[in-house]
């Protein structure tokens, strides 16, 4: 008999709230059926979520697991006691569920290993090729990397303002992806934390946890400091012996604001070539999309647009199931 049994890694999601959004249900169905992983585990902080119709539906799916966690308790980390105490003190003061999820995802991966996915990340193909000895993250194209946000240089901020404006113009054109591709070389590449993978107790995760614990309180309270900017500071936005840092096409082919392409009216499927075989999953930036469509990405929206948008086609295998599950609410 073999000395050890290979346990397939898990895809982890984190959610706070008593209702699960339709796009999160779709993200978990995609991970279950396309991810090539051992299980999909939803870590949730609100006990009433278990009664939500979409969650009840997921619980009938092979490989899906539901795990209730305390919203502000850090997992037992077996690191320096000072690190765990600092994170425990920090969690209750963080300004909302998204900031707490930034810390929770690192704790979950440190303890359990696998791949963390935001609830608006749609898996397109098996994630197995990403797994190895290194931790992995992905780059996105941004206007405001940490180097700009923490800078007092008027020239840097002026350049960022021009980039923000140019990107917004692109999103209003018939092919936002093609328009942005013409100018994307001018944008900075920076890590995003919507997709992270690592074996349990990986040195890269330890670096991230220690960096999170060392942040001054005022800085930890700021938007993105415990998320993307923490990854930027630890990885330097480049691959190393510890981290594999993937190019934007892996997870963020249509980055901030340009993601409007996903919900653009496209009945002739002309936008389908915006993605290619190097894309493993797409982060939707669902708050941006909700602003673009002036409403939520709910079951009713998918019922109206499932055949006429790129996002609808990416989720096509599960849209009928979504309508049935949502109809039970």
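Each value in this text was obtained by applying a stated rule to the coordinates, not by laboratory testing. Note that the structure is a prediction, hence the values are computed from the model and not measured. Neighbour counts run over all protein chains shown; Cβ positions are idealised from the backbone, glycine included.
A few notes on this one:
- Region 36-142: C-alpha gyration tensor shape, a/c 1.5 cut-off, then a/b vs b/c: oblate
- Highest-MSF residue in the chain out of 29, 238, 304 [GNM, Cα springs under 10 Å]: 304
- Mean-position separation - Cα centroids, region 259-284 and region 293-323, in angstrom: 13 Å
- Residue-normalised convex hull volume from the C-alpha trace of the chain: 145 Å³ per residue.
- Gyration tensor (alpha-carbon) shape descriptor, region 138-271, a/c threshold 1.5: oblate
- Going by neighbour counts of Cβ atoms within 10 Å, the residues 320, 124, 208 line up, fewest first, as 320, 124, 208.
- Proxy reagent accessibility, fewest Cβ within 10 Å first, across 80, 188: 80, 188
- Value of Rg to Rh for region 79-162 (Rh from inverse mean 1/r over Cα pairs, i.e. Kirkwood): 1.05
- Relative contact order (percent, whole number), region 233-325, Cα cutoff 8 Å, 6+ residue spacing: 29 percent
- Choice from 12, 186, 202 with maximal GNM fluctuation in the chain (Cα, 10 Å cutoff): 186
- Candidates 74, 83, 123: whichever shows maximal mean-square fluctuation once the chain is modelled as a Gaussian network with Cα springs under 10 Å: 83
- Alpha carbon convex hull of region 249-309, volume per residue in cubic angstrom: 80 Å³
- Sorting 91, 28, 221 by the number of Cβ atoms found within 10 Å of their own Cβ, with the fewest placed first, yields 221, 91, 28.
- Inter-part distance where region 20-81 and region 176-211 are each reduced to a Cα centre, Å: 23 Å
- Equivalent ellipsoid, region 201-314 (semi-axes from 5 times Cα gyration tensor eigenvalues, Å): 34, 18, 10
- Region 93-134 shape via C-alpha gyration tensor axes, a/c threshold 1.5: oblate
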